[in-house]
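Read the structure below first, then the notes.
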Amino acid sequence: MKLSARLIQIAERLPMGCKLADIGSDHALLPVYAVKNGLALSAVAGEVNEGPLKAAQQQVAQAGLTSSIAVRKGDGLAVVSPGEVDTITIAGMGGALIASILEAGQEKLAGVHTLVLQPNVGEDLVRRWLLRHEWALTEESILEEDGKIYEILTARRLPDSTGFNAQLYAPRALPGSEMKLTEELLLLLGPWLIKEPNAVWFEKWHGEIKQLERIRSSVASSSHEASRIKEQELAELARQLKEVMECLQKDKQ
């Protein structure tokens, strides 16, 4: 079975021998790969739509894994029972949706020690949820595939997740600048990604700055007072991001 680079990176972050639930599993590619390669002892492939559900059932049957992988129809974490799994993956959705799935299914997280999450957008919303609910963000990765950029966030239950997160998001100096990397900026940019920014990370944020400036220009055309405030906020955020990019690129030279 050939997986995309994105799914391979998610699979690599699964604890060996885990009991996996893959939410929004689509064709169940990840659970099949994980069980076939010994990464997961068992898996639940959850899907809310009938078409992908049937595709997942077919994939599991063809792999001869119907005894190890349960394909279930349901919304979010409704497909698992408390204590049934210890690792959950949610990939290919917006960050707001991932956060809402976790929020709605909090009682299903009993016994879960690892979350591997891949939001397509709104990564900061996922980080905020994890921080608020005392999950330790232990790893982040970023990659580009087929012209799209993906971030993968791995979170775990630690004995002192609160202390871990306090240190992870503590404001820090930006090399070569008087500006500080605040908790807000770290939530936005990724506290691990910003430590070792790669070319894909820079590409993403240069693109985001351009998008911010387009939105600011659009807002600037409005005569409403609220638009003036919004324009100033966008301009300040763009300024901060530009300074971060400039300082970190100099630091890598």
- [ ] With the condition kept exactly as written, say whether any residue in the range 53-65 is at pLDDT 95 or above, part of a strand (DSSP E or B) and touching a Pro at 6+ places or on another chain (Cβ under 8 Å).
- [x] no
- [ ] Give the residues of the range 2-59 that are on the phi > 0 side of the Ramachandran plot and open to solvent by 10 Å² or more (accessible area, probe 1.4 Å), sorted by residue number.
- [x] Gly17, Gly24, Asp26, Gly38
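Residue check: is Thr114 under 10 Å from the mean Cα position of the chain (by Cα) and among the β-branched types (Val, Ile, Thr)? Give the derivation first.
Numbers: under 10 Å from the mean Cα position of the chain (by Cα): no; among the β-branched types (Val, Ile, Thr): yes.
No; evaluated as a whole, the condition is false for this residue.
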- [ ] Look at Leu131 and say whether it is under 22 Å from Ile101 (Cα atoms) and open to solvent by 10 Å² or more (accessible area, probe 1.4 Å).
- [x] yes
Task: Matching entry among Leu131, Leu158, Leu137, Leu125 (being without any contact (Cβ under 8 Å) to a residue 24 or more places away in the chain and either of a type in the set (A, V, I, L, M) or touching a Cys at 6+ places or on another chain (Cβ under 9 Å) (or both)) - done: Leu158
Open item on the list: Looking only at the range 184-206, how many residues end up being surrounded by fewer than 16 Cβ atoms within 10 Å (Cβ to Cβ) and either touching an Asp or Glu at 6+ places or on another chain (Cβ under 8 Å) or free of Cβ contacts under 8 Å to residues at least 24 places away in the same chain (or both)?
Closed with: 5
Open item on the list: If Leu97 satisfies all but one of (1) of a type in the set (A, V, I, L, M); (2) open to solvent by 60 Å² or more (accessible area, probe 1.4 Å); (3) more than 19 Å from Leu153 (Cα to Cα), what's the number of the condition it fails?
Closed with: (3)
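The values are calculated or read from the model by the stated rules, or taken from the named source; none is laboratory data. Because the structure is a prediction, the values reported are computed rather than measured. Cβ atoms come from the backbone with ideal geometry, glycine included; neighbour counts cover every protein chain shown. Surface accessibility is based on the protein's heavy atoms, side chains included, excluding ligands, DNA and RNA. Shrake-Rupley method; radii C 1.70, N 1.55, O 1.52, S 1.80 Å.
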